[in-house]
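Q: Input: one structure, supplied below.
The values are calculated or read from the model by the stated rules, or taken from the named source; none is laboratory data. The structure displayed is predicted, hence computed values, not measured ones. Quick reminder, even Gly has a Cβ in these numbers, built from the backbone with ideal geometry, and neighbours come from all protein chains shown. These area figures cover heavy atoms from the full protein model, side chains too; ligands, DNA and RNA do not enter into them. Shrake-Rupley method; radii C 1.70, N 1.55, O 1.52, S 1.80 Å.
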Amino acid sequence: VQLQASGGGLVQTGGSLRLSCTDSRRTSTNNGVGWFRQAPGKEREFVATISWSGGATSYAESVKGRFTISRDNAKNTVYLQMNSLKPEDTAVYLCARSRYALGSSQVENYNAWGQGTQVTVSS
C-alpha cells in the first residue's frame, strides 16, 4: 500500500480531527492529492483536493469553511483538518494520488488509493 491514511476516530458533534495521508512513493510530491469519503450504502464522495505545490485547493460545498487541506512535501504527507464536525460527516475517509500535478474532484483522475480511516461523529 503506497498511501496510508490515519487520524480517524470517534468525536462528538462540533469536535475536530486531523487526518494524515502519507505517500511512500518518492516522486509523489509531483502529484495532486485528494480526500474522499464513503458512508455505508452511499457512493464515494469528493471532500477536498490539493495541487502538488499546495498552491491550489478545492473543497466540496458541504465541507467549505470547516475543513482545510494542506501538505508537507518534505514529509510526503497531506493533512485534512476537520473542524465543527457533524454527524453527516461520518464515513470512511480515503486519500488518493492524482494522475496529474493538480488535484481533481473526479474519482477517475486518481490512480492510487489508501485504505481509509473511519471517522464517526456522534450527535
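Q: Looking only at residues that are more than 16 Å from the chain's Cα centre (by Cα) and polar (S, T, N, Q) in the range 10-19, which one is surrounded by the most Cβ atoms within 10 Å (Cβ to Cβ)? Break it down stepwise before answering.
A: Initially, the range 10-19 is screened for residues more than 16 Å from the chain's Cα centre (by Cα), giving 10-15.
Add one more test, that the residue is polar (S, T, N, Q), and what stays is 12-13.
Working: Gln12: 10, Thr13: 13.
Across the range 10-19, the extreme among qualifying residues is Thr13.
Q: Based on this model, can you work out whether Tyr59 counts as without any contact (Cβ under 8 Å) to a residue 24 or more places away in the chain, aromatic (Phe, Trp, Tyr) and crowded, with 18+ Cβ neighbours inside 10 Å?
A: Details: without any contact (Cβ under 8 Å) to a residue 24 or more places away in the chain: yes; aromatic (Phe, Trp, Tyr): yes; crowded, with 18+ Cβ neighbours inside 10 Å: yes.
Criteria met by Tyr59.
Q: Moving to a separate point now. How many residues, within the range 1-23, are under 16 Å from Tyr110 (Cβ atoms), in a loop (DSSP other than H, G, I, E, B) and not aliphatic (A, V, I, L, M)?
A: 1
Q: Just need a number here: residues in the range 38-52 that are in a loop (DSSP other than H, G, I, E, B) and either open to solvent by 30 Å² or more (accessible area, probe 1.4 Å) or of a type in the set (Ser, Thr, Tyr) (or both).
A: Residues of the range 38-52 that are in a loop (DSSP other than H, G, I, E, B), as a first pass: 39-44, 51-52.
Filter once more, so that each one left must be either open to solvent by 30 Å² or more (accessible area, probe 1.4 Å) or of a type in the set (Ser, Thr, Tyr) (or both): 40-44, 51-52.
Here the count works out to 7.
Q: Right, something else. For the range 89-121, which positions are open to solvent by less than 80 Å² (accessible area, probe 1.4 Å) and touching a helix residue (DSSP H, G or I) at 6+ places or on another chain (Cβ under 7 Å)? It would help to see each step written out before you state the result.
A: Restricting attention to the range 89-121, the residues satisfying the condition of being open to solvent by less than 80 Å² (accessible area, probe 1.4 Å) are 89-98, 101, 103-105, 107, 109-110, 112-114, 116-117, 119-121.
Arg97, Ser98, Ala101, Val119, Val121 - these are the residues of the range 89-121 that are open to solvent by less than 80 Å² (accessible area, probe 1.4 Å) and touching a helix residue (DSSP H, G or I) at 6+ places or on another chain (Cβ under 7 Å).
Q: Report the residue count in the range 62-88 for those that are open to solvent by 50 Å² or more (accessible area, probe 1.4 Å), of a type in the set (Lys, Arg) and modelled with pLDDT of 95 or more.
A: Total satisfying the criteria: 2.
Q: From Thr29, Thr22, grab the single residue that is under 17 Å from the mean Cα position of the chain (by Cα), open to solvent by less than 40 Å² (accessible area, probe 1.4 Å) and on the phi < 0 side of the Ramachandran plot.
A: On the way: Thr22 fails: open to solvent by less than 40 Å² (accessible area, probe 1.4 Å).
The match here is Thr29.
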